[in-house]
Structure formats: C-alpha cells, structure tokens
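Heads up: the structure comes next, in structure tokens.
The values are calculated or read from the model by the stated rules, or taken from the named source; none is laboratory data. Owing to the predicted nature of the structure, the values given are computational and were not obtained by experimental measurement. With ideal geometry, Cβ positions are generated from the backbone for all residues, glycine too; neighbour counts draw on all protein chains shown.
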Amino acid sequence: MIYPINTLTYLIQNMKIYQFLKYDQQTEIKHIRNYNDERITLCFDFEDGVQNGFDSAKTKLLKEEHRNYFSSIIKKFPRNTKVGVRINATNKVELQNDIYNLKNTNIHSIFLPKIESSTETINIIEKLVDNNISYEELIPIIETKKGLNNLNEITEIREVQHIAFGHCDYNQSLNILPFFHQDSYEYWKWINYIIQNTKDKNICFINSPYLFTNNKSFFNSMIQHLSVICGNNFGQITLTNTQTEQCLIKPTTNTSFTNQLKNRHKTYPTNDYLDSLISEYEEFNTGKGLSKTKDRIISIQEYLCAKRYKSTQNSSVIKLAFVGGCFPVQHDILYEDIFLSKTKQLIEDESDSKLQVDIIRYENFNSVLEKIKKINSKKQFDFLVFSIRPEPFFRLAKLYYKYINNTGTKKYSLNLPVFNWVNPEKYDFLSLGLMYNLNTIPNKSFSHKFLVDLNYFMGKIIGNKSFATKKYIELIRAIETYCLENKIKLVLLGPNNRRKTILEPKFCMVLNRETKSAFPNVSYINGIDTEYNNKELFRENGIHVNELYHELISDRIFTILSENK
C-alpha cells in the first residue's frame, strides 16, 4: 500500500512511543524531555536491562535496587504521566518480587517478556488482579520461536490489545550471530509475520528498539515504513530522548527504506567480530544489561551470545558454500525455517560440529565459477552445494526474451544461440533487480501462461532447450573440476518442479534427468518432489516453495553431510 506524504504524517502523529529510561536514585522527571506528551509512556525495566553480565550472582541485588528506585521515582511524577514497566514474566522468584513491588498501583503499560503461550499470559493476569494492580495496556513481547508460533492464541486473550517484538532475545534464542537488526530483510520477515497474523484483531504492534542510536536517517525511514505496513495502529520503543523526539517531529525521508535493507550471505560470526563485540561491551558496560558505545548500544543478549560462540571455538567446523538463487533467502519464509538454518540446527544438535554457511547467489552462468573461486580462496570450503535452478534455464530456453539492461531500460530480443545472440547471459539480473526493483509479481491469466508456453515451445523447436541444458552441464563440469582440484566435496541439488505453466514441470523433469545422468559420481539431491508426507510443497503461484519443501531439502542435505563428515 502506498500512502501520500500527508497521510503518512497523520499516521506517524498517532503512533505510540514507549521510552525506556536509564534510571537510578537520582532520576527526576525534569531529566526526561517531552514527558508530558500524551503519546509517550515512560517505561522502567525490571528485566534484561537490569542484570550483571559478568557476575549473575549480583543480578538479584541489582533488580531489588531498581525496584526501589522505581518506587521512589514515580512518587515524584505528575499524576497524568503514563508509566510502563517491563516485569520478569518467566522468572518465578523475580516475578513475585515485581508483583509485590507493584501491589495496589495503577500502571499504564505492563510489558510481559518472553511470553510463549496464552496460559502464561492468563496466569500473570490473575496475579495482577489478585494484587490489585490495574493497567491500561498489557503487552506480551514475542521473543522466541515458540512464542511466535503461538501468536494467534496469545492475541485471542481479551486483555491483549498490543503485541511487542523483542529482537535481541529472539536472535539469542535461535543462536544467531551477528544479530539481525532492523537493517536486514530477515528482521522484517518476523515483523511482517506478526502484523499479518494480528491485523484482523486490531492489535497494536510495538516495534523492537533500534540500537544504532546515531543513525537518525535510518530510524526516520524505519518509522515511516512502520506507518505504511501498520497504518494507524503501531508503536515504537525508544531508548533515548533523541529517538523519542524523532518520533514526535513527524519523521519523513525521501530515501527508500527497502533499498537500505540487506540479506546476509554468511551465517556465522568471524573471530574478529566476536573479539570486537566482546571487548566493546566490556569496555563500556557500567554493570547493567546494556553497553552504550560511541556508535550504538550493545545488548546483553549479543554479548552473551558472543561469549557462547567463543566458548565453542574448539569445536570442529564444517565449511559449506551454497550456490543458488533466492531459495536460501526466500522472501516469504522466516529465517529459522529456511533450509540452511534448519540444516545448521540439525548438525549442531546431532554432533559437536559447527556448520558455517556462505551463500553465493547467481542468476546467469558466466560469473558463477569466478564467484566461487574468489570466496573459496579466503574460506577453503569442505562442501559445495550447487543448486540447479529452473529460472536461468528457462531464460535460455525461450525464443523471445524480455530483459532489463544496465541502464534500467526494458529491452526485447530474440534468443538465438546459433547466432550467438544470448542476452540472458549478458546482464547480471541479481544486481539489476536490486538496482531497479524489478517487478516479480507473476501474471496468473490463462492467456499469459499460454504465451509463455508457446515461447518455450518455439525455443525448443530451434534448439534452445538443448542449448540451455548443455550450458548447465558445462558449468557444472567446470565446478566439478575445480572442486576436485581443491578437495571440496561437491553436492548437486536438482531443480524443483516449478509449474507456473503446463510445460515448465516437463522441462524441469528433463533438466533433472539430464544433469543427474551426466554426473553419476557426484552426490545428487533430488528436488523434483511435489509432495512431502502427502502435503503440497509449492505456494499457489507454482513458483515459490513452502516451509515443507525447505524441511525436505534440509533433511536431504543433512543426510549427505552426516555421511561424508
């Protein structure tokens, strides 16, 4: 949905702002700018922000001190001040202490971190009622995969009209490092999932805090993006007076938000990254959960995750390169449900080994081997899984071809390999797609599908399909030779059974058969399945696969890695 600027301004003006305070016994209301704005709730953290990352034994005392600070501070606040508290929802002892501290009080917003079920939420609601604690907003925070899976049941509770996302705990729970922050596509997959699954219930979504406090431009564009995807029902957690002021001044930007996002093609932290993060956190930490450095805030979750990675550095490491297209970063599959994430989890659950994955994406044949050589010169892979993709094969098989050149101009040509007219191999469609936001929404009309099939058929008549198959086999042969020379175990992942049109699955079957028979000594994973456990593996469009397909491929890659480890 595209909103005009004046509409976006209206939506942003009505957003809710939850400013989490850094507080102690000296904190006064005068220290907080704009505290009397009705959109702002001043929030006190009893949970992760109040813990000692170096000595857990000191955390209990630290929490007790901050409860006492809170009790003293709110007595000085004007009566109309909106106050929020994040309590220790999953720690029974600390939760009871929090409840005792809040007894017989009126709190505007109560945040419940790490909520995973409706039962947990209802139990806390009962404790609040029993202790005469009233509130305007009860806000469960989704911070684990189980919580995300149970989102619908949690938001069925009458008292739950808001839902928040805590991305640091979510990353830590999945052992992801570096964390996916708001500048990654993976982060927004989680957000889109939450919004799509709560929009019919009129649930207010509250976005996780942005830790790169110096990057005002990105923060502004993020707020604007939230107003587009959430409409008039969203909030933002802020960590500084400056962030809160940015929300209040109706942030606008001409920079495309999605152009600032990126996919990660490495699924592991480097030693330099671990050392830098750990040393920075320790240098700037003052004995509480967050460390404010010169450029950003480092969460305790990132620090503890980095320490955990460092403690397992002596584990054996399997280095794998996956060479493919959009499959390993599929836009409509959550990161943890992508086949590579699931394979990594299987390896690390079943053995003492760690799986390090580098993703190498390709759209045409000309450049892929050089990409592999360049990355392997630094990495030295143990395994290389090469995905045989239908898309570049279909582009070569067509007679009539529509494409975008390097200036972003739409062009048309005949595809005639016999005359060396091979425009599908002339441009890098991966980079062009990023540069020009190419429209990939499929046309579902019968007439369009008929014309596409006619295009394939005419290409087959003049030998384009045979040419495309030959080009693929030549490429794989070159990759096989390189892998043998560099002692890399090559694994081929056959094409999926794409079926946007009538001819496409038939072409996929031929491509699968020809490539498999050409490499009898290479481990080959069949990807042509259309069902898994009697369930459909494709989205409705016949192009994109679903979560079950990712699970299927993960199981098959895991089997080969286990057999050859």
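Summary of values
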quantity: Subset of region 228-285 (residues that are of a type in the set (Gly, Ala, Ser) and within 26 Å of ALA164 (Cα to Cα)); calculated: GLY231, GLY235, SER256
quantity: Checking HIS550 against (1) touching a strand residue (DSSP E or B) at 6+ places or on another chain (Cβ under 8 Å); (2) in contact (Cβ under 8 Å) with a residue 24 or more places away in the chain; (3) within 26 Å of ILE347 (Cα to Cα); (4) in a helix (DSSP H, G or I), the condition it does not meet; calculated: (1)
quantity: Test set (1) touching a residue at least 24 places away in the same chain (Cβ under 8 Å); (2) among the basic types (Lys, Arg); (3) out of contact with any strand residue (DSSP E or B) (no Cβ under 8 Å at 6 or more places or on another chain); (4) farther than 30 Å from LYS449 by Cβ - LYS374 fails condition number; calculated: (1)
quantity: Single residue of ASN68, ASN106 found to be in contact with a strand residue (DSSP E or B) (Cβ under 6 Å, 6 or more places away or on another chain), exposed (fewer than 15 other Cβ atoms within 10 Å of the Cβ) and not small (Gly, Ala, Ser); calculated: ASN106
quantity: Residue check, SER256 of a type in the set (Gly, Ala, Ser) and either in contact with a strand residue (DSSP E or B) (Cβ under 9 Å, 6 or more places away or on another chain) or over 28 Å from SER291 (Cβ atoms) (or both); calculated: yes
quantity: Residue in region 337-352 that is touching a strand residue (DSSP E or B) at 6+ places or on another chain (Cβ under 6 Å) and more than 20 Å from SER173 (Cα to Cα) present; calculated: no
quantity: Selection within region 472-489 - in a helix (DSSP H, G or I) and among the aliphatic types (A, V, I, L, M); calculated: ILE473, LEU475, ILE476, ALA478, ILE479, LEU484
quantity: Criterion violated by ILE73 - all others in (1) within 26 Å of ILE154 (Cα to Cα); (2) buried (at least 20 other Cβ atoms within 10 Å of the Cβ) satisfied; calculated: (1)
quantity: Some residue of region 517-540 being outside any strand (DSSP E or B), closer than 18 Å to ALA397 by Cα and of a type in the set (Val, Ile, Thr); calculated: no
quantity: Selection status of TYR100, under 28 Å from GLU282 (Cα atoms) and of a type outside the set (Gly, Ala, Ser); calculated: no
quantity: Elements of type strands (runs of 3 or more DSSP E) in region 14-113, at least 3 residues being assigned by TED's automatic domain parsing to the domain that holds PRO209 and under 15 Å from LEU128 (Cβ atoms); calculated: 83-86, 106-112
quantity: Single residue of TYR187, TYR193, TYR210 found to be under 13 Å from PHE165 (Cα atoms) and in a loop (DSSP other than H, G, I, E, B); calculated: TYR210
quantity: When residues of region 535-555 are limited to those that are buried (at least 19 other Cβ atoms within 10 Å of the Cβ) and β-branched (Val, Ile, Thr), the one modelled with the highest pLDDT; calculated: ILE553
quantity: Within region 114-144, considering residues that are part of a strand (DSSP E or B) and acidic (Asp, Glu), the one surrounded by the fewest Cβ atoms within 10 Å (Cβ to Cβ); calculated: GLU136
quantity: Some residue of region 145-155 being among the β-branched types (Val, Ile, Thr), assigned to a loop (DSSP other than H, G, I, E, B), in contact with a helix residue (DSSP H, G or I) (Cβ under 9 Å, 6 or more places away or on another chain) and farther than 21 Å from PHE70 by Cα; calculated: yes
quantity: Condition broken by GLU47, with the remaining ones in (1) surrounded by 14 or more Cβ atoms within 10 Å (Cβ to Cβ); (2) modelled with pLDDT under 95 satisfied; calculated: (2)
quantity: Breaking point among (1) surrounded by fewer than 21 Cβ atoms within 10 Å (Cβ to Cβ); (2) touching a residue at least 24 places away in the same chain (Cβ under 8 Å), for GLU485; calculated: (2)
quantity: Matching residues in region 163-216 - criterion: being among the small types (Gly, Ala, Ser) and surrounded by fewer than 20 Cβ atoms within 10 Å (Cβ to Cβ); calculated: SER173, SER184
quantity: Which numbered condition ILE110 fails, given (1) more than 22 Å from ILE124 (Cβ to Cβ); (2) under 31 Å from the mean Cα position of the chain (by Cα); calculated: (1)
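Listed here are the residues, each with its yes/no results for (1) within 26 Å of ILE107 (Cα to Cα); (2) in contact (Cβ under 8 Å) with a residue 12 or more places away in the chain; (3) outside the structural domain of LEU42 (by TED's automatic domain parsing); (4) under 17 Å from the mean Cα position of the chain (by Cα).
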site	(1), (2), (3), (4)
VAL129	yes, no, no, no
THR144	yes, yes, no, yes
ASN175	no, yes, no, yes
PHE180	no, yes, no, yes
TYR187	no, yes, no, yes
ASN202	yes, yes, no, no
